Structures are given as C-alpha cells and as structure tokens.
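**Student:** First the structure, which I've put down as structure tokens, then a few questions once you've had a look.
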C-alpha cells in the first residue's frame, strides 16, 4: 500500500510541476490584446514552434510578434511600449494558418523580420499573434502571452 500511495504522490507532484512550467503564461486576461476583434488562440510548443487555433476565415495575414518587454495597445489598437526582437508574418518562411515552425529576428534598420529563422523564444519575453483582413484591419488576436 505504501508504494502505491508514494507513486500517486509522485504522479501528482510531477503533474503540478508540468502545469507550473507551462511556456504560455497568459498575461492579464484571456481576452484578445486588441479591442473589438475576434479571439484566437496560440500555443508555443517549442523554441521556434507556435500553433494557432480559431483563426477566422477573414484573417488573410497573420503576424506573431515577440518583445523583450511587456507591451500594450493604445486606443487606436497600436502596440505601444514594445521592444520587438523576433516573430514571423505571412509572406515569410514557416508560417501558415495553423502556426509557425520558424521564428525570425527583427531588423530595426529594415523594419521587418529577417527571414533567417534565427530567433528562438527566450524566457521572460512577451508575445501575441494577430490577423489582418485584406484591407489590413486587425480582425483577430490572442491575449498577450509570456514565455
């Protein structure tokens, strides 16, 4: 009996550790970061891999944005207080409607991602995924996550 109880305790402890070490910590609420948009979800499943779910059909372009500092949006749905370091977007390698398998560093000089697959998630970075329609209006968003 003692071994069975010990195994149960170890199993519960291991499950608790797994839950607490989850790579997606949702900041603030589970609401979309941007206002007046449809919610979507994303899950970082590895240092360069993010899966997307609930992407609406009118989201033509997708962007994953990674910042080394916490960020927010202003009343015009513009990201503020950010220090962008990496991400991906529609038109670059490794991104589909289901997620991304590549993350690229951000070039401040070019104002775009480098398409080099040279970025990996780093602890204490913040990220969000959003979608734009064909008119470049924000139509969906995840909450802000912390890796």
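None of the figures in this text is laboratory data; all of them are computed from the coordinates on show. Treat the numbers as computed from the prediction; the structure is a model and nothing was measured. All Cβ positions, glycine included, derive from the backbone under ideal geometry; neighbour counts span all protein chains shown.
**Student:** Separation between the residue 96 and residue 135 pseudo-spin-labels, each 7 Å from Cα along Cα→Cβ, expressed in nm?
**Tutor:** The modelled label-to-label distance comes out at 3.0 nm.
**Student:** Quick check on the exposure proxy: order 95, 66, 84 from fewest to most C-beta atoms within 10 angstrom.
**Tutor:** 84, 95, 66
**Student:** Please report 48, 134, 60 as a ranked list, fewest other C-beta atoms within 10 angstrom at the top and most at the bottom.
**Tutor:** Listed from fewest to most nearby Cβ atoms, that is 134, 60, 48.
**Student:** If R₀ is 22 angstrom, what is the calculated FRET efficiency for the pair residue 112 and residue 80, using the beta carbon separation as r and rounding to 0.05?
**Tutor:** Once rounded, the FRET efficiency stands at 0.70.
**Student:** How many nm separate the modelled label positions at residue 61 and residue 45, each set 7 Å beyond the Cα in the direction of the Cβ?
**Tutor:** If labels sit at residue 61 and residue 45, their model points lie 2.7 nm apart.
**Student:** Using only alpha-carbon positions, what ratio does the radius of gyration of region 70-147 give when scaled by 2.2 N^0.38 Å?
**Tutor:** 1.10
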